[in-house]
Amino acid sequence: MPTERFYRLPEEKKRIIRDAAFKEFARVPIDKVSINQIIKEADISRGSFYTYFEDKWDLLGYIFEESQARIHHLCSVYLEESEGDIWYMLQRIMDGLLESCSEQEKFDFVKNALSHASSDELVSSLSGSKQECDRLNDELLRYIFLHYNKGQLRPMEYGEFFAFFQFAMFAIAVEVKRFFEGTSLEEIRESFKLRIDILRRGVCPPEPGDAS
């Protein structure tokens, strides 16, 4: 994770460093990323870089953490503007990710990251901020659990809701991965609709005597 010194920087300076890093991670495969290029683009010294981050993998972990935080924020926004419609929220997140990843620089960034998805360095960069990400995930889930329209799902405790939401987010992740493998947007939207419909309606007929 970035150091406290980095987090104390003005927001504009953090944005400049983040944008410079994003540009470099999108430009070349991750193992060829140049810290020299990042510090040149961000107009900081090499010494300053290493007071903010341990290495480029630490910086990459920060970018992923920031992206996750933005998705969490959008979840709460979409839930609020739809008066708790959890299906609307999931669809807007899916649409937003596809739109974002259609931008060339973001497409290149994610594609480069996916090409190293099984590398020890990438796994380490993600696990370094795992505790913070787990905290954010728990906060988000509890917020959604408290604010979604209870008429849309059968009554359930938090543990069941947690499992349901994991399935929903997995459906989104699978379709985003298929997008980067070259699947058309039309196919992805149809596949996502099918996955969500299965979550929404189930696959089994009601048990005899089941009032639900």
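The values are calculated or read from the model by the stated rules, or taken from the named source; none is laboratory data. The structure displayed is predicted, hence computed values, not measured ones. Here Cβ is always computed from backbone atoms with ideal geometry, including for glycine, and neighbour counts include all displayed protein chains.
Numbers for the structure displayed
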read-out	value
Residue in the stretch 162-170 that is loosely packed, with under 14 Cβ neighbours inside 10 Å and modelled with pLDDT of 95 or more present	no
Residue tally, condition touching a residue at least 60 places away in the same chain (Cβ under 8 Å) and either surrounded by 14 or more Cβ atoms within 10 Å (Cβ to Cβ) or out of contact with any Leu (no Cβ under 9 Å at 6 or more places or on another chain) (or both), over the stretch 178-188	3
Search result, residues across the stretch 189-198 that are touching a Leu at 6+ places or on another chain (Cβ under 9 Å) and not hydrophobic (A, V, I, L, M, F, W, C)	Arg189
Selection within the stretch 71-94 - surrounded by 16 or more Cβ atoms within 10 Å (Cβ to Cβ) and more than 18 Å from Arg142 (Cβ to Cβ)	Ser82, Asp85, Trp87, Tyr88, Gln91, Arg92, Met94
Single condition Phe53 does not satisfy, out of (1) in contact with a Leu (Cβ under 7 Å, 6 or more places away or on another chain); (2) surrounded by fewer than 19 Cβ atoms within 10 Å (Cβ to Cβ)	(2)
Which numbered condition Val110 fails, given (1) assigned to a helix (DSSP H, G or I); (2) of a type in the set (Val, Ile, Thr); (3) crowded, with 17+ Cβ neighbours inside 10 Å; (4) more than 17 Å from the chain's Cα centre (by Cα)	(4)
Residue satisfying all of: in the stretch 189-209; outside any helix (DSSP H, G or I) and of a type in the set (Gly, Ala, Ser); surrounded by the fewest Cβ atoms within 10 Å (Cβ to Cβ) among these	Gly209
Test: residue in the stretch 24-31 that is under 18 Å from Ala173 (Cβ atoms) and touching a helix residue (DSSP H, G or I) at 6+ places or on another chain (Cβ under 9 Å)	no
Selection count where residues are of a type in the set (A, V, I, L, M) and under 14 Å from Phe64 (Cα atoms), scope the stretch 18-29	2
Out of Arg135, Arg154, sole residue that is farther than 25 Å from Leu98 by Cβ, outside any helix (DSSP H, G or I) and among the charged types (D, E, K, R)	Arg154
Subset of the stretch 66-85 (residues that are without any contact (Cβ under 8 Å) to a residue 60 or more places away in the chain and small (Gly, Ala, Ser))	Ser67, Ser82
